[in-house]
Amino acid sequence: METELLFELSGDLEPPIVIANTPLGDRIIFLLKGGSFKGPRLSGEVLPGGGDWLLNRSDGVSVLDVRMMLKTSDGEFIYVTYSGIGKPQGAGVTIRTAPMFSVSKASKYAWLNAVQAIGEGEGSPAGVSYRIYEVK
C-alpha cells in the first residue's frame, strides 16, 4: 500500500468530561479548543467545537469517535470524521484512525471527498497530534 502525507495536525483540548462506568465502559468527551494543520497541499486551523466522544473499554483499548472542522489558510471549510483505536503507551495514548473528509463540490479541495486516509498519532488529556496520509 502506498501512502502520501496529507498533513500533520495538532489540537488543544478542553479538560475532559468523564461519564464513568457505563455499560460499555468509561465515556470520556474531549472537546477541541483549536489547533492547526499543515501539509504539502493544504494547511490552516482546527476550529474549536469539535471533539472526540471516546469510549474506554474494559480491555484498556479506547474507541475514538471524532468530528472536527478545519479551515484552510485560504478560507475553505473541511468537515472531518473518523473512528479509530487508541492504546495506552507511557503517559499518553497511541492512536490509529481512518479519517474521511466532506468538502463543498465547488471547493478547490473537493478532491478530498474521494480520499481514503489513515492516520497515526498520540494523545494526552491536554492535546493530540496526528500525521494523516492519503492511501493511493
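Here the Karplus curve 6.51 cos²θ - 1.76 cosθ + 1.60, taken at θ = phi - 60°, turns the phi angles of region 23-40 into couplings of x, 9, x, 8, 9, 10, 9, 10, 9, 7, 7, x, x, 8, 9, 8, x, x Hz, with x standing for Gly and Pro. Distance between the pseudo-spin-label points of S129 and L24 (7 Å out from Cα toward the beta carbon): 3.0 nm. Between the alpha-carbon centres of region 60-133 and region 1-41 there is a gap of 7 Å. Between R96 and V63, full extension at 0.36 nm per residue minus the direct alpha carbon distance yields a gain of 10.9 nm. Annotation: amide H of G39 within the under-5 Å range of E8, sequence separation 5 or more or interchain, hydrogens built in the peptide plane. Computed 3J(HN,Hα) for region 45-61, one whole-Hz value per residue from the Karplus formula 6.51 cos²θ - 1.76 cosθ + 1.60 where θ = phi - 60°, is 10, 8, 7, x, x, x, x, 10, 9, 7, 10, 8, 7, 5, 7, x, 8, glycine and proline marked x. Here the extension length gained between Y79 and W53 equals 7.7 nm, from 0.36 nm per residue of separation less the Cα-Cα distance. Restricting attention to the chain, lysine pairs at least eight places apart or on different chains and with alpha-carbon atoms under 17 angstrom apart total 5. Grab every C-alpha pair in the chain, bin the distances at 5 angstrom width from 0 up to the longest one, and report whole percents. The percentages, shortest bin first, are 2, 11, 20, 25, 19, 12, 7, 4, 1, 0.
We did not get these values from a lab; they are worked out from the coordinates using the rules stated. Because the structure is predicted, anything quoted here is derived from the model rather than measured. We place every Cβ from the backbone using ideal geometry, glycine too, and count neighbours over all the protein chains shown.
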